[in-house]
Amino acid sequence: MYVDIRTLRKDELVLADQVFREAFSALTEPYGSSNYGADITYMNRWFNNPNTAFGAEVDGQLVGVNFAINWGSFGLFGPLAVHPDFWGHKIAQQLIEPAMECLKQWQIEQSGFFTRSNSPKHLYLYQKYGFYPRFLTAIMSKKPIKKTKKLQEFRYSKISDNQRLECLKASRELVASFHEGLDLEVEIRVVEKQNLGETIFFFDEKGLMGFAICHYGKDTEAGSETCYIKFGASRLGEKAEQNFKQLLEGCET
């Protein structure tokens, strides 16, 4: 079987989404449903960098997808998905290879991603590329409770270009305190440009206390009537726990 690994085109995002749903439904849905994730989508990651979005094609059919993502000194890839009809042909490995090459070219200091913790098959696959399990991450949810605002906040979509540059600079300085070179600018800009949600910057008397990149609504990584904090960071120090609590509460208002 000849597999063509190439960059994914914008006009293929709907097909790529179908491949993703078929693949993850086969892993998680007991009755053969292909509606994994309902109206959640990860295909907007294409807009981070179209040159690092990859597709696998067999006989003119798109059968696999993967996205390599650059967060400065940290890199990741995913979602990696192969249509169930084409499992067992090492297509996933062929989609990992260009992503790994991206991480190498970017001179990434650290890389990682999420995968299924209960699947030895997945763990074994990624160990071939030097990845090993570290953290069991819980995705938690709650109903928002509106609270009195205690911090000054700026929403990226509502501020001027100069204010945006200042907020981006402050965000890089903040995250450098726990991971030098980490840069979320690409995520922040894509959320605004593609109308996926909002990035909120919280300030106190010392400057930027924290920021949160949020997706919300249909056709984002959140889904209908949901706000998903994709990335959040707050200032370290004696009040680190309090700062992060205020960050989460600020996202509810």
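Here, each number is a calculation from the coordinates, and none is a lab measurement. Keep in mind the model is a prediction, meaning the values are calculated, not measured.
Computed on the range 180-253, with alpha-carbon pairs under 8 angstrom and 6+ residues apart, the relative contact order is 22 percent.
Rounded to the nearest Hz, the phi-derived 3J(HN,Hα) couplings of the range 47-53 under the Karplus curve 6.51 cos²θ - 1.76 cosθ + 1.60 (θ = phi - 60°) are 6, 4, 6, x, 6, 10, 9, where x marks glycine and proline. A helix-only calculation puts the chain at -9500 deg cm²/dmol for mean residue ellipticity at 222 nm, using -39500 (n - 2.57) for each DSSP H run of at least four residues, averaged over all residues. You can think of it this way: the chain between residue 10 and residue 239 has 78.0 nm of extra reach, that is 0.36 nm per residue less the Cα-Cα gap. Computing P(r) over Cα pairs in 10 Å bins from 0, in percent directly from the structure and comparing it against (1) 8, 35, 39, 16, 1, 0; (2) 7, 30, 35, 19, 7, 2, 0; (3) 7, 27, 35, 22, 8, 1, 0 singles out (3). Structural descriptor for the chain: relative contact order 16 percent, calculated from alpha carbon pairs under 8 angstrom and at least 6 residues apart. Given a cut-off of 21 Å, name the pairs among 218/245; 193/218; 10/193 whose C-alpha atoms lie farther apart than that in the structure shown. Correct reply: 218/245. If the chain linking residue 162 and residue 90 were pulled fully straight, counting 0.36 nm for each residue of separation and taking away their Cα-Cα distance, it would gain 21.1 nm.
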